[in-house]
Amino acid sequence: MRQPSRLWRPSSRFAFASLFGAGLVALPVLALGLTALSPDAASIWPHLAANVIPGALANTALLMLGVGLFCALTGVGTAWLVTQYEFPGRRAFEWLLVLPLAIPTYLTAYIYVEIMGFQGPLQTALRAVTGYRSLRDYWFPDPRNLVGAVFVMGIVLYPYVYLSVRALFGLQSAAIVESARTLGASRGTLFWKIGLPMARPALAAGLTLALLETLNDIGATEYLGINSLTLSIYTTWLNRGSLPGAAQIACVMLILVVLLIASEARLRGARRFSLSVRQPRAVGRSPLSRRAALGAGLACALPVLLGALLPIGFLVQQVLARGLLQQFDGALLGNLANALLLAGSATALVVALGLGIVAAGRIGREPWLPALARIASLGYALPGTVLALGLLVPLAAFDNAFANAVTAWFGASPGLVLIGSGAALVIAYLVRFLSIAISGIQSGLSRISPRIDDAARALGSNAGDVLRQVHWPLARPAIAAAALLVFVDCLKELPATLLLRPLNVDTLATIVYGHASRGVFEDGALAALLIVLAGLYPAIILARAGATKA
């Protein structure tokens, strides 16, 4: 008698984590496509294509071009200075240059509008010195335009490029540089002919991260008056009540994301450089003359001052001058608790799922597991507005189906279980930040020899025992670092939080956004300062971990 075929059984139970993670990331993309192609959307597209998308796409492209150039110049220039030259303060600048990463772009926009506004400290001081009374008497730069948006976003996003390029500059072999110097290469030649070409893959990776953050932003672009694709999705969905129209704009934005990732892969793969199997001798830093050292120190100090010290100082001054510490009452503590609960729940799920996906790729034998891990890592490329829009339809359908079933069985409706409880927002955080956990855990497990796994298996341990007794203790520092980064990113996330939070539930980010929308950002300075302080510690840890020891 023929035995019935058994259901598919994976080589490791962790393969189900890879399937779940990849499916979770693919879900909002598929939902967006179906919503954009729905019958109701057919009549909307001509209007969007003629009146909305061209202007928003042009503004987004110009913004990305400007932010990309700003980040490339600032990030590459400062990384070259701290890795190749010796000057006073170099070791401090090596990690101080990462601090702007702790400040969200929307906070920087709010702060610089206040600082540079008519009632701000700069114009007030100018009028006190010159005797001017109104803007008719003088000209002063206004950050509420495209140039201001490029500066505001670039000054806090350049560390993505700086960190990537600094790591590669530090790996340059001294033999290559010394050979070039022997042949008469100048400092400029070393940079353009050796340093920059070797750093090209890292530059592409850092720029991609910075531009993805630019695409994701909604608070800064809205406040500075830039009608970007992200803002168009938000206004089309909420202000005009057109979900299919918002989905169509989101699909255009997804095409832009795909092109960006493809360009990064092409730039990264166009040139490949290999290091020696032996540990290369590090390049000795060249001492600078007094004037050159002063210029190098100033070039490194300006991004730190404008991107971190000035915004943090402004927030501290506003909190103290306005007596905002008194706002630390039950309402703020409740909002802080909301933020911590949502971010903490998402972080636990992200790390658990990321650990399962990485373990599946390490232990499992299926050839498609690495591909699933890469798909699960694509969530970070989905802007928050696109992700929220893509999750709304399937989650709302589940909520309605579940409510109907419960009502039919028990006669009482449970309401919106996912969207109404904050679970939808946690799912959005899970999709968006899963890649951070996967990359962090992979870096930790890559340092553990597979022979240790084989030895544990030979002693009778199964896959779960190996993960619990071997991988977890050895990779715990890397897992903790990934969890910290995920937690802070959840606290800072604004677009998805605005669109998916339950009614009457606020977090620190939405408090700041609400005050800024009403034109009283200073009243939210305490909540903004709490967000910044939460991001400073992981930024410093990240910077010090990659800093050179010499």
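The values are calculated or read from the model by the stated rules, or taken from the named source; none is laboratory data. What you see is a predicted model; the values in this text were computed from it and never measured. Because the Cβ atoms are built from the backbone with ideal geometry, glycine has one as well, and the counts that use them run over all protein chains shown. Quick note on the areas: whole protein, heavy atoms, side chains included, nothing else; ligands and nucleic acids left out. Shrake-Rupley method; radii C 1.70, N 1.55, O 1.52, S 1.80 Å.
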Q | the range 278-389, dipole about Cα centre (Lys/Arg Cβ +1, Asp/Glu Cβ -1), debye to the nearest 20 | A | 800 debye
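Could the peptides 131-142, 103-114 be put in order, highest first, of the mean number of other beta-carbon atoms found within 10 Å of their residues? Walk me through the intermediate numbers first.
Numbers: 131-142: 10.5, 103-114: 25.3.
Final packing ranking: 103-114, 131-142.
Which value results for Rg/Rh of the chain when Rg is the Cα radius of gyration and Rh the Kirkwood radius based on the inverse mean 1/r? Display every interim value, and only then the final one.
Working: Rg = 25.4 Å, Rh = 25.6 Å.
Using Cα coordinates only, the ratio equals 0.99.
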Q.
If you count only protein heavy atoms and use a 1.4 Å probe, how large is the accessible surface of residue 60, to the nearest 10 Å²?
A. 10 Å²
Q) Round to a whole number: what % of the accessible area of the chain belongs to carbon and sulfur, probe 1.4 Å? A) 65 percent
(Q) Residue by residue through the range 501-511, what is 3J(HN,Hα) from phi via Karplus (6.51 cos²θ - 1.76 cosθ + 1.60, θ = phi - 60°)? Round to whole Hz and write x for glycine and proline. (A) 5, x, 4, 6, 10, 10, 10, 4, 5, 6, 4
Q. Short version: ³J(HN,Hα) in whole Hz for each residue of the range 133-140, in order, from phi by Karplus 6.51 cos²θ - 1.76 cosθ + 1.60 (θ = phi - 60°), x for Gly and Pro, what are they?
A. 10, 9, 5, 5, 8, 7, 10, 9
Q) Using modelled amide H (1.01 Å from N, peptide plane; none on Pro or chain starts), what sits under 5 Å from the amide H of residue 366, excluding residues fewer than 5 places away? A) 11
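Go through 354-360, 144-150, 224-230, 40-46 and give me the packing order, highest mean Cβ count within 10 Å leading. Don't skip to the end; give the middle numbers.
Numbers: 354-360: 25.7, 144-150: 18.4, 224-230: 23.1, 40-46: 13.7.
Highest mean packing first, the order is 354-360, 224-230, 144-150, 40-46.
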Q) When only C-alpha pairs under 8 Å and at least 6 residues apart count, what is the relative contact order of the range 371-496, in percent? A) 33 percent
Q) How much accessible surface area, in Å² rounded to 10, belongs to the heavy atoms of residue 466 with a 1.4 Å probe? A) 0 Å²
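Any idea what the relative contact order of the range 441-503 is, in percent, if you count C-alpha pairs under 8 Å spaced at least 6 apart?
Working: 21 pairs, mean separation 27.1, N = 63.
Computed value for the range 441-503: 43 percent relative contact order.
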Q) Given the C-alpha centroids of the range 302-338 and the range 102-141, what is the distance between them in whole angstrom? A) 19 Å
Q: Send over a whole-number figure in Å² for the accessible area per residue of the chain, probe 1.4 Å.
A: 48 Å²
Q) What would the Debye formula give as log10 I(q)/I(0) at q = 0.15, 0.16 Å⁻¹ for the alpha-carbon point model of the range 20-99, no solvent? A) -0.80, -0.82
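Take every Cα pair under 8 Å in the chain that's 6+ residues apart, average their separations, divide by the length, and report that relative contact order as a whole percent.
On the way: 718 pairs, mean separation 136.0, N = 550.
Relative contact order comes out at 25 percent.
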Q) Under 5 Å between amide H atoms, partner at least 5 residues away or on a different chain: which partners does residue 286 have, H built in plane at 1.01 Å? A) 85, 86
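For the chain, with only Lys/Arg (+1) and Asp/Glu (-1) charged at the beta-carbon, what is the dipole magnitude about the Cα centre, in debye rounded to 20?
Numbers: 40 positive and 22 negative charges, 441 e Å.
Dipole about the Cα centre, nearest 20: 2120 debye.
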